[in-house]
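Accompanying notes for the structure given below.
The values are calculated or read from the model by the stated rules, or taken from the named source; none is laboratory data. It should be emphasised that the depicted structure is a prediction, and the values quoted were computed from it without experimental measurement. No Cβ is skipped: glycine too gets one built from the backbone with ideal geometry, and neighbour counts run over all protein chains shown. To get the accessible areas, we keep the full protein, side chains included, count just its heavy atoms, and leave off ligands, DNA and RNA. Shrake-Rupley method; radii C 1.70, N 1.55, O 1.52, S 1.80 Å.
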Amino acid sequence: MSSKKNKPLSVVMVGTGNLAVHLSHALRKAKLELTQIIGRNKSKTKKIASQLGFTSHSASLSKIALQADIYFICINDDEIKKVSSQMKLPGKLVVHCSGTVPLHTLSSISENHAVLYPLYSFSSSDDPVNFKKIPIFIEASNKKSKSQILFISKKLSPAAISLNSLQREKLHLAAVLSANFSNYLFHVAWDYLHKEKVNHAKNLLPLLEKTVSKLHHHSPLTAQTGPARRGDKKTIQKHLLLLKNYPEQKSVYRLLTRLIQLHFQA
Ligand SMILES: NC(=O)c1ccc[n+]([C@@H]2O[C@H](COP(=O)([O-])OP(=O)(O)OC[C@H]3O[C@@H](n4cnc5c(N)ncnc54)[C@H](OP(=O)(O)O)[C@@H]3O)[C@@H](O)[C@H]2O)c1
């Protein structure tokens, strides 16, 4: 797909959540034309439409603009199948952005369908995200859709990588294990310090940043440090004692200590 001379590719966005907003912003920056945004909440959709410069907006899928080039479905994973069954856009490129929903879920909307999965965490409170630093995983139903989605992805990021639905699902699982779960551990640590009135959680940031940056050069196992890795049993006992009134923190500490020890037992 190349935009016809002087005519930018036009986009319809279904969804008004975190990714819909960031992706729309990036698509506009990449000089695509934002034709229409569709959301369930009328006032929210109207507000986002005017903030991002969509030409039109609607609260109903039945009012979907039929003349656009690309249709993004940026809604909750669990709803993509249901919403897809309400759409018919033969010949159009229809795209979802989920890590886990298989490509074929879109097959009843159009023979030309694709996935564009940005491996990143988007929140509505963030400033506009620079997609150029984000790996984007793509999959498409046929040759035509493949070249179309590749063309669009390349406008967003130089890192556009082909991946099938099963591989993408596994990658998404790895993202949950590494990013979502470690974020929950940050909460567990922050909450403990807050309740103990040791207000220095922010001072953990240089350590956390170093922990992540080491992964550029080392495997996580090679980089592992701490009392469980070293087998410092007395320190572990002290920590468990400190956590005697913190069942959530204590169970996380016990489980992870046991798993790390299993790896490094002689
Ligand atoms: N956020 C990320 O970091 C991220 C990263 C990569 C991929 N993704 C993918 O992007 C997609 C959207 O995720 P998100 O984080 O943007 O979710 P989100 O912020 O929770 O937004 C979900 C959007 O879907 C709409 N929606 C839900 N059910 C709907 C239905 N039945 N009909 C119409 N609209 C419906 C919601 O409308 P209401 O506002 O009316 O509830 C909301 O606009 C998902 O497939 C997700 O896997 C997200």
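Listing for the model above:
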{"item": "Ordering of 58-68, 30-40, 80-90 by packing [mean C-beta count within 10 Å, highest first]", "result": "30-40, 80-90, 58-68"}
{"item": "Test item: Cα-centred dipole of segment 1-130, Lys/Arg +1 and Asp/Glu -1 on Cβ, debye", "result": "540 debye"}
{"item": "Radius of gyration, Dmax [segment 1-93; alpha carbons; angstrom]", "result": "12.6, 39"}
{"item": "Cα centroid separation, segment 4-43 to segment 153-213 (Å)", "result": "27 Å"}
{"item": "Whole-number accessible area per residue in Å² for segment 147-266, which is evaluated in the context of all protein chains at 1.4 Å", "result": "73 Å²"}
{"item": "Nearest-0.05 FRET efficiency for LYS63 and THR100, computed from C-beta distance (R0 35 Å)", "result": "0.75"}
{"item": "FRET efficiency estimate (nearest 0.05) - Cβ-Cβ, LYS146 to SER56, R0 30 angstrom", "result": "0.55"}
{"item": "Of ALA159, ALA26, ALA201, the one that fluctuates the most in a GNM where the chain has Cα springs shorter than 10 Å", "result": "ALA201"}
{"item": "Cα convex hull of segment 190-249 - mean projected area over all directions, nm²", "result": "5.0 nm²"}
{"item": "Accessible surface of segment 82-129, 1.4 Å probe, proportion on carbon and sulfur as whole %", "result": "52 percent"}
{"item": "Surface accessible to a 1.4 Å probe, THR211 within the full protein complex, Å²", "result": "80 Å²"}
{"item": "Cα-based radius of gyration of the chain once divided by 2.2 N^0.38 Å, which approximates compact folds", "result": "1.24"}
